[in-house]
Amino acid sequence: MHIVVMGCGRVGAGIADRLDSEGHSVIVIDKNAKASRRLSRRFSGRFIHGIGFSRSVLEDAGIKEADAFIAVTSGDNSNIVGARTARDEFRVPMVVARIYDPRRADIYRDLGIPTVATVRWTVNEIHQLLFHKDLQPDQTFGNGETILTRSTIPAYLTGRKVSEFNVEGEIQVVEITRGGRSIIPGGGSTLEAGDLLTFAVASTSLGRLRSFLNKEFGQ
């Protein structure tokens with residue numbers, strides 16, 4: 001993926017280093033030239049000194065080819081302008097913005113821009129939004145190691161036991177919403193068409209859970 005990160009504070013540098021170490025193409029933009037010092041010495045992407053919502057700066061960062069744009073400066077207004085520019089003008093498929101004001105965050109989530117709060121686990125949360133869009137966290141615990149997430153089961157899993165999802169220390173089905181009613185599943189509970197499951201899952205096991213939902217067991 002080609003990813004543009006606007007803001008090179010602790011969160012911006014942290015997510016840029018992580019994505020770069022995973023082999024993605026990463027460009028970081030910050031109005032403070034000295035902010036580049038926060039990046040790891042192993043960082044192999046580019047750092048651009050400039051205003052992150054400037055069209056010319058964004059084009060220099062390859063925004064037209066970007067798969068994702070992450071706005072994590074220290075200011076809500078800058079993050080909002082950057083996120084909307086990336087989404088509305090350049091049609092970037094995945095845009096994430098860090099918003100401090102919870103009222104604004106709700107507005108932009110309603111507009112289809114995922115937002116993250118100013119919390120310790122922001123780097124993990126952004127990473128989850130980028131690569132597990134179908135399993136967006138409803139709630140996180142600790143430093144983001146454990147997540148509550150919800151997903152409707154695919155049709156092929158109808159009739160399977162809920163316990164088949166459970167992986168000790170990694171994944172646990174904790175609730176089923178069925179026909180508008182909430183159910184705490186028992187050991188012998190089976191899945192029905194249209195069930196919405198709530199999972200408690202280790203952040204490192206989101207990929208495993210997604211594979212359970214995307215293909216039949218044993219394949």
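The values are calculated or read from the model by the stated rules, or taken from the named source; none is laboratory data. If you're wondering where the values come from, they're calculated on a predicted model, not measured in any experiment. Here the Cβ positions follow ideal geometry from the backbone for every residue, glycine too, while neighbour counts run over all protein chains shown. Quick note on the areas: whole protein, heavy atoms, side chains included, nothing else; ligands and nucleic acids left out. Shrake-Rupley method; radii C 1.70, N 1.55, O 1.52, S 1.80 Å.
Suppose R0 equals 25 Å; then what is the FRET efficiency for GLU145 and ARG10 from their Cβ-Cβ distance, rounded to the nearest 0.05?
E(calc), rounded to 0.05, equals 0.85.
For segment 10-16, just list the computed ³J(HN,Hα) in residue order, Karplus coefficients 6.51, -1.76 and 1.60, θ = phi - 60°, integers in Hz, with x standing in for Gly and Pro.
4, 6, x, 5, x, 6, 5
Hey, rough spin-label estimate for GLU175 and ILE107, points 7 angstrom out along Cα→Cβ, what's it come to in nanometres?
Placing both labels 7 Å beyond Cα along the Cβ direction yields 2.9 nm.
What full-extension length gain, to one decimal in nm, is calculated for SER36 and THR158 as 0.36 nm per residue of separation minus the Cα-Cα distance?
38.8 nm
With a 1.4 Å probe and all protein chains kept in place, how do ARG98, ARG10, ARG208 rank by accessible area, largest first? Spell out each step's value before the answer.
Numbers: ARG98 30, ARG10 215, ARG208 105 Å².
Sorted descending by solvent-accessible area, the residues read ARG10, ARG208, ARG98.
Out of residues 5 or more away from VAL28 or on other chains, whose amide H comes under 5 Å of its own, with H placed 1.01 Å from N in the peptide plane?
Under 5 Å from the amide H of VAL28 lie the amide H atoms of VAL5, ARG46, PHE47, ILE48, each far enough along the sequence or on another chain.
Calculate, in nm to one decimal, what HIS49 and THR190 gain on full extension: separation in residues at 0.36 nm each, minus their alpha carbon distance. Walk me through the intermediate numbers first.
On the way: separation 141, 0.36 × 141 = 50.76 nm, distance 5.54 nm.
Full extension of this stretch gives 45.2 nm more.
Using a cut-off of 9 Å between beta-carbons, work out the net charge of the residues near ILE153 (Lys and Arg +1, Asp and Glu -1, ILE153 not included).
Taking every other residue near ILE153 into account, the sum is -1.
Tell me the net charge near ASP17. Cut-off is 12 Å between Cβ atoms, ASP17 excluded, with +1 for each Lys or Arg and -1 for each Asp or Glu.
My count for the surroundings of ASP17 gives +3.
Using each residue's phi in segment 185-191, evaluate 6.51 cos²θ - 1.76 cosθ + 1.60 at θ = phi - 60° and report the 3J(HN,Hα) Karplus result to the nearest Hz, with x for Gly and Pro.
In residue order, the calculated couplings are x, x, x, x, 4, 10, 8 Hz.
Using a simple charge model, +1 on the beta-carbon of Lys and Arg, -1 on the beta-carbon of Asp and Glu, nothing else, what dipole does segment 11-92 show about its Cα centre, in debye to the nearest 20?
Magnitude of the dipole: close to 300 debye.
Which whole-angstrom value gives the distance between the alpha carbon centres of segment 151-191 and segment 52-67?
43
Using the Karplus equation 6.51 cos²θ - 1.76 cosθ + 1.60 (θ = phi - 60°), what ³J(HN,Hα) coupling, rounded to whole Hz, does each residue of segment 30-42 give in order, writing x for Gly and Pro?
Coupling constants for segment 30-42: 8, 6, 9, 4, 6, 5, 4, 5, 6, 6, 5, 4, 7 Hz.
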